[in-house]
Amino acid sequence: MFAIRDDEAGAFDTPELTTITITGVAATAAGELIADQAAAPIAAHVLEELLEVTDGNPLGLIELSGALTPDQLTGHQRLPERLPLTERVERAFLDRYRKLDAAAQTVLLVVAADDSGHPAIVARAAAALGAPEEAFDTAEESGLLRVSTEGLMLRHPLVRSAIYGAATSSRRRQTHRALADAFAGTAHEDRRAWHLAASVDGPDPDVVAALDEAAQRSSRRGGHEAAAAAWARAAELTLDPHERAQRLLNAAGANLAAGRPLETDLLTRAALVDADDPLLRADLLQLQGQVEWNTRSLHDGYRIVCRAAATAAPHDPAHARILAMLASALASFGAHAVDTPSPSTIVTAPAPDATVEEQAADALLRGFTAVIDNDWASAATALRRAWDLPLPATAPGLIHANLAIATMHLGDDERAIRLHDLQLQHARDAGAVNMIEHALTRGVVFRIATGAWSEAFKAAQEALLLDRNLGLDELAAFPLAELAVISALRGDPAAPQHLRDLDAELERHPPHGATTGLVRGLAHWAAARQLDVTPATALHHLQQIDLPVARWLTALDRIETAVRAERRDLAEKWLDEIRCFAEGADMAWAWATVHHARAVLGHGDAEEHLTRALDWHATSPRLPARARTQLALGEHLRRHRRRTAARVPLREALDTFESLGAASWAERARQELRASGETARRGTNLVASDLTPQESQIAALVREGLSNKDVAARLFISPRTVDFHLRNVYTKLGITSRTELAALTGDLT
């Protein structure tokens, strides 16, 4: 067996021997290789970056992953711009470089310092550093430099890292200064700014100004990671403490938008050391609280945001009111803290001539406070007042976000879907990963309620893949709980597996943030809806649901299950709860639930209650609940020997259940129709394939007409990863092209 580099193969001409070209290891093998060596599980996007840097070289993968911290491996902390090379890797890739003359080494260092590969730029920079034109020929003849129509590139990504790492710090700074000068006057201002930043080792106002401009450009086009890096580097080069804290705030906000909560937290803590301006401190505390309530402790996040509101109150009452509103929103989802004043007491009411933004913040603050007090009439009045205000699109994002959140408390499904879809579109346009995940998961809740289960399933899959791809494991339980609920409501054979996946995730990463109550509520609902569960076990799960939002979603299930489990006392108590909510909030679905529950409990004439429930359902978008009431009415009529009358609601219920893909409910409706004397045909729905969640999501986006590049941007993965999964999709579906995929009918979830 002989081994030789590709660029030296001409010197070893042996046609009689079989030749095998060794390529880099694939993603799966790379993950297994690193798992045996690394100090922590590696996130998918980190693995992808290591594969890009090493081109799948096994030595590089092992050595580089071994040099990373656990937070870097799991994706909670971004990787350094230049990955640290070990001595073994440097030795493996620097042999030929060290044999070259100084001029050729200069050329290679310039190429290593800038990955644009632009021949004219590299030539200008190399000339400024004293390398003659013929040095390029020497570098190319060494096999380390490749010249193609795409530009200049080094033989292997690790060659680039090794050459750059081997240079002295002063030599690297000189190289970056030469490159910055070479980029001057070109369209590549961001590259010039970064080379300027790398060319200095201390504060420099001109470099800081260039980085500020680069960060702003990146932010405008949705490049939040690049913006965060530029502002963070600008802060390092800033002398004035206030200006440094402001730039760290900008970097922290950009990191949060990019889905980097740990880095956001680190930057806010660093900025608070320098920040003495109270409004700047308030903004930093708000970001710190946001990280806390999203990834760690809802209660600590609430306490920090209350501090932010109190800090801002004497200096900017309008801003303080927004922060107090935010704190009250957290409290409405169960947040509390000892020795922390109620948000409503931190600020005063706005003036009569207050702006629309101030009025909206105040109405939301009063509405959330009423929710905390279970005063549903006052909550509904205040929240509807907030929704009705002509709030401009330029209003603070916290107000718009909480207008959408407020819909959860009243179960205003249509408004909720509209506001969250608008929020999702804005987040996609801005490339704000954190808000994409937020809008997706919240929107799913209402699609579950209204029966848009296929859309809900796809959205939950996208949110889950986003969490996995970005290493946001602490957020993954929410979309997993939604997937478990949808599959359980459908009576899907995969429902037990979805529940097991959720249970495993809750074991690894117990929810601690703002979604804790909702995640646990959904988890118990999914467990209670399993086909083989007994009434007693189902009731045990449903009794654990304590967040009002989740209690309203599951109200009918809880009451019916309590009756089946012979706990009429609980059923009556839960009926009283939903009745009080209906009287205050006056939502059609709530009144429909009240009347359906009264029929279940035998309060008066069952047919009258079920008929009244259907009257309320006529003005509600909750199709699953309406179909359940139609089924209940049909069952009641059939049991009372009114078989002809029973067929109408039973047919309507069956049609809805089949359109929803609710197999167990549809079968129950069919049985009732057969018992009424009518033969019900079984619906013919396409069966989902055995696609993985990522394959399913990619297939759905390709069917919508998105290119591989657009799909990659949507899911925050590389086009190469999209292509890999798309080939698997074709194989599993027995097709060979995007055209055939687009022509398929049915649901792939």
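Is segment 503-548 best put as rounded, prolate or oblate by its Cα gyration tensor, with a ≥ b ≥ c the root eigenvalues, rounded for a/c under 1.5, and otherwise prolate when a/b is larger than b/c, oblate when not? Write down the numbers at each step before the final one.
On the way: a/c = 2.93, a/b = 1.57, b/c = 1.87.
It comes out oblate by the Cα gyration axes.
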Table column - 3J(HN,Hα) (Hz), segment 533-545, Karplus curve with 6.51, -1.76, 1.60, x for Gly and Pro: 7, 7, x, 5, 5, 4, 4, 4, 5, 5, 5, 7, 7
Taking placed amide H atoms and a strict 5 Å upper bound, the residues 5 or more places from G259 or on another chain that come that close are V433, N434
With a point put 7 Å past each Cα toward its Cβ, work out how far A536 is from A187 in nm, to one decimal. 7.3
In segment 577-598, whose amide N lies under 16 Å from the spot 7 Å out along Cα-to-Cβ of R418? List them in ranges. 588
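Working out 0.36 nm times the residue gap between Q671 and L706, then minus their Cα-Cα distance, what length gain in nm do you get to one decimal? Present the calculation step by step, with values, prior to reporting the outcome.
On the way: separation 35, 0.36 × 35 = 12.60 nm, distance 4.29 nm.
Length gained, Q671 through L706: 8.3 nm.
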Name the residue from C306, A354, M587 whose Cα lies farthest towards the positive end of the charge dipole of the chain, charges +1 on Cβ of Lys and Arg and -1 on Cβ of Asp and Glu. M587
Name the residue from A406, L570, F716 whose Cα lies farthest towards the positive end of the charge dipole of the chain, charges +1 on Cβ of Lys and Arg and -1 on Cβ of Asp and Glu. L570
Using θ = phi - 60° and the Karplus form 6.51 cos²θ - 1.76 cosθ + 1.60, what ³J(HN,Hα) does each residue of segment 343-353 get, whole Hz, x for Gly and Pro? x, 5, 8, 6, 10, 9, 5, x, 5, x, 9
Across the chain, where is the longest run that never hits chymotrypsin sites (Phe, Trp or Tyr not before Pro) in a DSSP loop with at most 12 other C-beta atoms within 10 Å? 13-749
Estimated inter-spin distance, T679 and L239, nm [label 7 Å along Cα→Cβ]: 9.2
Residue-wise HN-Hα coupling along segment 717-734, computed from phi with Karplus coefficients 6.51, -1.76, 1.60 (Hz; x: Gly, Pro): 10, 8, x, 5, 5, 4, 4, 4, 5, 5, 4, 5, 4, 4, 4, 5, 8, x
Tell me which residues come under 5 Å, amide H to amide H, from T692 once H is placed; ignore anything under 5 positions away on its chain. none
Assuming R0 = 22 Å, can you tell me the calculated FRET efficiency for the pair D373 and D586, based on Cβ-Cβ distance, to the nearest 0.05? 0.80
Please give the length that would be gained between Q544 and V273 if that part of the chain were fully extended, namely 0.36 nm times their separation in residues minus their C-alpha to C-alpha distance (nm, one decimal). 93.3 nm
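Could you give the length gained by full extension between A35 and T692, i.e. 0.36 nm per residue of separation minus their alpha carbon distance, to one decimal place?
Working: separation 657, 0.36 × 657 = 236.52 nm, distance 2.17 nm.
Working it through step by step, the gained length comes to 234.3 nm.
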What shape does segment 693-743 take by its C-alpha gyration tensor, where a ≥ b ≥ c are the square roots of the eigenvalues and a/c under 1.5 counts as rounded, a/b above b/c as prolate, and the rest as oblate? prolate
Take the Cβ-Cβ distance between R171 and A504 as r, set R0 to 60 Å, and report the resulting FRET efficiency rounded to the nearest 0.05. 0.75
From the residues M153, A104, H195, which one has its Cα farthest along the dipole of segment 87-198 in the positive direction, the dipole being from +1 and -1 charges on Cβ of Lys/Arg and Asp/Glu about the Cα centre? H195
Size of charge dipole - segment 87-198 - debye, nearest 20, with Cβ of Lys, Arg +1 and Asp, Glu -1, no other charges: 420
Put in order of increasing Cβ neighbours within 10 Å, starting from the fewest, H224, H400, H640 give H640, H400, H224
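Considering every Cα-Cα pair within the chain, what fraction, in whole percent, is farther apart than 51 Å? Intermediate results must be reported in sequence, preceding the final value.
On the way: 69265 of 280126 pairs.
When all Cα pairs of the chain are counted, 25 percent exceed 51 Å.
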Between the alpha carbon centres of segment 491-527 and segment 148-175 the gap in Å comes to 48
Take the alpha-carbon centre of segment 612-672, take the same for segment 58-77, and report the distance between them in whole Å. 56
Using a Förster distance of 45 Å, the FRET efficiency for R96-R428 (Cβ separation, nearest 0.05): 0.45
Any idea how far the Cα center of segment 388-416 sits from the one of segment 88-143, in Å? 57
With the Cα gyration tensor of segment 87-198 in hand, convert its eigenvalues to equivalent ellipsoid semi-axes via √(5λ) and list them largest first in whole Å. 21, 15, 13
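Bear in mind that the values in this text are calculations on the coordinates, not laboratory data. Just so it is clear, the structure is predicted and the values come from calculations on it, not from any experiment. Note that each Cβ is placed from the backbone with ideal geometry, even for glycine, and that neighbours are counted across all protein chains shown.
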